[in-house]
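Single-structure report; data block below.
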């Protein structure tokens, strides 16, 4: 009798046309998720064939500048195809140049390649482990984690990402992951909208 096939391991995709950087990210992912299947691609156009073989990605690490992408086109294409998959953009460009555009295009976090292995690993680990999944909640739903409630209070205090990181004892990249998760949960796009939402739904004192 044919035996039932074992489920495939989680597939983590690294799309980067720089071999050294791709190898470094692959090594990080294998340390973070030892049992995962890490799929290496050097261009965006190779992902369709890879999905046929390895299954849909559970995480995507995307180089912003690839031979077959322009601007944030890679981010937009991947989020259209895999809207619920965590997407981390790794770029040689400073965050001030492209972070906002990438987040607006659907990326969950923007990581500068110059950040170093420890910071990159911390950000990716936080993205994989962030609680609550990627579903958006309706405005009436206030199921927020303790950390998310802390963040709302800190935003109301006017703290910067750096100040929040120092106060919580976590990296600034991890703060960004938690904030973007919070934004998605509340269906908002900014700190100001978060504070307004929190006030109008009784999450903060008037």
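Bear in mind that the values in this text are calculations on the coordinates, not laboratory data. Fair warning: this is a prediction, and the values are worked out from it, not measured in the lab. Note that we place each Cβ from the backbone using ideal geometry, even for glycine, and neighbour counts take in every protein chain shown.
Table for the structure above
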{"quantity": "Helix-only CD estimate at 222 nm, as mean residue ellipticity for the chain, using -39500 (n - 2.57) per DSSP H run (n ≥ 4)", "calculated": "-14500 deg cm²/dmol"}
{"quantity": "Peptides ranked, highest mean first, by Cβ atoms within 10 Å: ranges 23-36, 55-68", "calculated": "55-68, 23-36"}
{"quantity": "Chain lengthening between residue 196 and residue 30 when straightened (0.36 nm per residue, less Cα-Cα)", "calculated": "55.7 nm"}
{"quantity": "The chain, relative contact order in percent, only Cα pairs under 8 angstrom and at least six apart counted", "calculated": "15"}
{"quantity": "Shape metrics for segment 9-129, restricted to C-alpha atoms - Rg then Dmax, Å", "calculated": "12.8, 37"}
{"quantity": "Per-peptide average of other Cβ atoms within 10 Å, ordering 105-114, 147-156 highest first", "calculated": "105-114, 147-156"}
{"quantity": "Percentage relative contact order, segment 9-129, counting C-alpha pairs under 8 Å, at least six apart", "calculated": "23"}
{"quantity": "Principal-axis tilt of helix 172-186 within the chain, Cα atoms, nearest 10 degrees", "calculated": "70"}
{"quantity": "Quotient of C-alpha Rg and 2.2 N^0.38 Å, computed over segment 136-206", "calculated": "1.02"}
{"quantity": "Mean separation of Cα contacts under 8 Å, 6 or more apart, over the residue count of segment 136-206: relative contact order %", "calculated": "38"}
{"quantity": "Simple spin-label estimate for residue 189 and residue 168 in nanometres, 7 Å along Cα-Cβ", "calculated": "2.3"}
